[in-house]
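All remarks here apply to the structure that follows.
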Amino acid sequence: MTLGYLLTVGTFTGIFMILTLSLNILTGYAKQVSLGHAAFFGIGAYAAAILATKFGLSFWAALPCVVAVTTVVGIFLGLPSLRVSHDFLVLSTIGLNFIVGSVFKYFSFFGGSMGIVDIPTPTFFGKAFGTVGYFGLTFAFVTLAVLTSIYFSRTWGRLAMEAFGEDETAAKAMGINVAKFKIYAFAISSAYAGIAGALWAHYVGSVFPENFGFDRSIDILAMLVLGGLGTIRGAVFGALLLQVLPEALRFIQDYRMLVSGAVLALMMVFQPMGLLGKGSFLYLRSLGILRHFRRGVASGAP
Amino acid sequence: MLLVDDLRVAYGKILAVEEVSLEVDERELVAVIGANGAGKTSLLSALMGLVEPRGGTISFRERDITRFPSWWRVRLGLALVPEGGRIFPDLSVEKNLLLGAFVVRSRRGLVENLELVFSLFPVLKERLNQRAGTLSGGERQMLAIGRSLMASPKLLLVDEVSMGLMPKLIPEILGTFRKLRGERGMSVLLAEQNAREALQVVDRGYVLKNGRVVLAGTAVELRENDEVKTAYLGL
């Protein structure tokens with residue numbers, strides 16, 4: 001096991017952390033369950049790939065455009081949520097994922113099933129990022145995503161989302177413009193996913209339609225739910241666990257899908273709030289240990 | 001202050017509210033009395049902008065608000081205590097109250113309104129960090145009323161607040177609306193099945209039957225009316 005291998009796993013883990021944080025705003029806070037989140041991820045990746053290969057923009061110059069494109073597309077793709085909710089919204093996000101995938105596949109502008117290749121590695125003051133550098137770059141963006149998530153979680157916007165997530169009619173009666181905040185959730189969420197897409201495209205160097213399929217959307221949602229829906233710590237931890245676990249389970253080869261599938265199913269039965277979600281066993285225990293430790297320090301002080 | 005003219009609400013082909021006209025003045029307590037399914041909730045929902053009326057007009061503080069979205073109505077000074085309270089059970093009592101002040105947001109307004117709510121319902125202060133879903137039935141209704149007061153409303157719409165309450169608590173809860181009128185100059189429109197208790201606190205009332213206003217008058221007149229006596233007061 002080389003350092004390069006670990007850094008590569010780490011970089012992908014970081015990209016998925018940004019994606020789970022992205023989905024956490026949409027599904028965790030605003031309760032708009034999306035099973036098509038890979039579409040937003042893909043739009044970011046394709047936007048970055050096209051801007052780099054067809055327009056010759058650098059990673060840095062393209063990034064604001066990528067975020068702008070994904071935000072605008074996110075707003076459009078969020079419009080159905082104003083008409084449909086719950087199960088029907090889930091179905092329409094799945095449909096959306098397939099539509100976006102087909103557009104990538106059947107329009108030659110997007111490279112068709114050959115995808116887009118030869119996406120250059122980003123540079124920083126003329127020097128190309130190596131494996132270590134890219135790992136650092138990714139985690140700089142993870143930190144940014146965590147900090148902005150923490151900031152957002154303390155705003156009225158988050159409170160509004162929690163409210164209509166529980167009871168839309170009651171939220172309206174509170175004077176909350178539900179439509180506006182739903183669209184906000186889609187916009188913010190897809191902006192994050194756009195950044196994750198750009199990081200992916202420039203790291204892998206190529207994008208193909210099947211990179212952003214329905215199975216990937218399930219992965220992202222599973223990570224978030226496993227970690228703890230509606231919490232930032234859960235989003236980060238879930239991505240870490242589901243990216244690292246399959247790698248760690250490589251020694252059992254063919255059975256690893258079975259094991260991670262079983263872990264997920266058992267979790268849903270015994271800890272539906274997620275490993276680190278509100279009121280989960282692990283979270284309460286670690287809080288308890290922390291409190292115990294603090295009390296010990298306090299009483300031990302002279 | 002509130003003027004409703006020829007209001008009609010329908011769900012598909014079923015008419016829930018037909019040709020209802022009513023008014024509420026400044027600093028007035030008004031009841032809408034009616035049995036289950038008389039159209040009380042539909043009426044209040046239309047006033048709040050939660051359902052679109054099929055016809056008629058609603059004006060509030062000299063503005064035609066018939067087509068206004070809910071959030072705009074709240075800003076103008078309308079607030080609703082929904083049927084059954086409809087608090088947010090997974091959020092803390094504190095967050096529920098904050099959400100009531102969504103259109104206020106200024107620190108001073110927030111503190112003032114919180115003080116008012118705590119003076120009316122001291123028990124909420126003790127429960128501030130508790131999940132709202134863990135409150136008792138009476139406490140939930142107090143939270144629902146408190147939450148609606150956080151928006152500094154000029155007119156409070158109250159939907160069936162006595163339902164599911166301990167009989168002992170009903171006069172106490174209804175009494176708070178008189179207090180609010182006295183202290184804050186608020187008007188209240190009270191939709192109630194419990195005519196006996198409602199007619200004790202309001203100034204005037206309307207009787208709603210199958211979506212229509214069949215009777216209107218002062219509280220005293222309604223209490224003395226034979227029809228009301230037999231149908232709603234059980235005398």
Worksheet entry | Sorted by Cβ neighbour density within 10 Å, fewest at the top, the residues A:F181, A:F139 | A:F139, A:F181
Worksheet item: Among the lysines, which have Cα under 16 Å from the Cα of B:K40 when same-chain residues fewer than 8 positions away are ignored?
Response: B:K209
Practice prompt. Evaluate the distance, in nm, between pseudo-label points positioned 7 Å from the Cα of A:F76 and of B:N210 along their respective Cα→Cβ axes.
Written response: 5.3 nm
Worksheet item: In Å, what is the Rg of the alpha-carbon atoms in the stretch A:34-90, and how long is Dmax?
Response: 13.7, 42
Worksheet item: With a Cα-only, solvent-free Debye model of the protein assembly as shown, what are the log10 I(q)/I(0) values at q = 0.06, 0.13 Å⁻¹?
Response: -0.39, -1.18
Worksheet, complete the sentence: Of all trypsin sites (Lys or Arg not before Pro) in the stretch B:103-162, the ones in DSSP coil with at most 16 other Cβ atoms within 10 Å are B:R105
Response to the item:
Expressed to two decimals, the stretch B:56-139 has a Cα Rg over Rh, using the Kirkwood radius, of 1.03
Practice prompt. Compute the Rg to Rh ratio over the stretch B:95-225 from the alpha carbon atoms, using the Kirkwood formula for Rh, and round to two decimal places.
Written response: 1.00
Worksheet item: Taking only the alpha-carbon positions of the stretch A:168-252 and ignoring solvent, what does the Debye formula give for the base-10 log of I(q)/I(0) at q = 0.17, 0.22, 0.27 Å⁻¹?
Response: -0.93, -1.23, -1.29
Discussion item. Rounded to the nearest 5, what % of DSSP beta bridges with both residues in the protein assembly as shown are antiparallel?
Written reply: 55 percent
Fill in: Equivalent ellipsoid semi-axes, chain B, via Cα gyration tensor eigenvalues times 5, rooted, Å
28, 21, 16
Worksheet item: What lysines sit close enough to A:K182 to cross-link, taking a C-alpha to C-alpha distance under 24 Å and skipping anything fewer than 8 places away on the same chain?
Response: A:K31, A:K172, A:K278, B:K95
Fill in: Most mobile listed residue (A:A201, A:A48, A:A68) in chain A, GNM with C-alpha springs under 10 Å
A:A68
Discussion item. For chain B, what does the helix formula give at 222 nm: sum of -39500 (n - 2.57) over DSSP H segments with n ≥ 4, over the residue count, nearest 500 deg cm²/dmol?
Written reply: -11000 deg cm²/dmol
Item to complete: Write down, largest first, the equivalent ellipsoid semi-axes of chain A in whole Å, where each equals the square root of 5 times an eigenvalue of the alpha-carbon gyration tensor.
Response: 31, 26, 20
Worksheet entry | Helical mean residue ellipticity (222 nm; -39500 (n - 2.57) per DSSP H run of 4+; nearest 500) of chain A | -23500 deg cm²/dmol
Worksheet item: Are there trypsin sites (Lys or Arg not before Pro) in the stretch A:128-183 that DSSP marks as loop and that have at most 15 other Cβ atoms within 10 Å, and which are they?
Response: A:R154
Response to the item:
Going from the fewest other Cβ atoms within 10 Å to the most, one would list B:E52, A:E210, B:E18 as B:E52, A:E210, B:E18
Fill in: Check: the protein assembly as shown dipole with +1 on Lys, Arg Cβ and -1 on Asp, Glu Cβ, in debye
1260 debye
Item to complete: Rank B:G133, B:A16, B:S70 by how far each Cα sits towards the positive end of the charge dipole of the stretch B:1-146 (+1 on Lys, Arg Cβ; -1 on Asp, Glu Cβ) and give me just the farthest.
Response: B:G133
Worksheet entry | Calculated FRET value between B:E62 and A:D87, using beta carbons and R₀ = 56 Å, to 0.05 | 0.80
Response to the item:
For B:S21, B:S162, ascending order of other Cβ atoms within 10 Å (fewest first) is B:S21, B:S162
Item to complete: Note down, for the stretch A:1-106, the three equivalent ellipsoid semi-axes (square root of 5 times each alpha carbon gyration tensor eigenvalue), biggest first, whole angstrom.
Response: 26, 19, 13
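Just so you know, all these numbers are worked out from the coordinates, no wet-lab data involved. What you see is a predicted model; the values in this text were computed from it and never measured. Cβ sites come from the backbone with ideal geometry, for glycine too, and all protein chains shown count toward neighbours.
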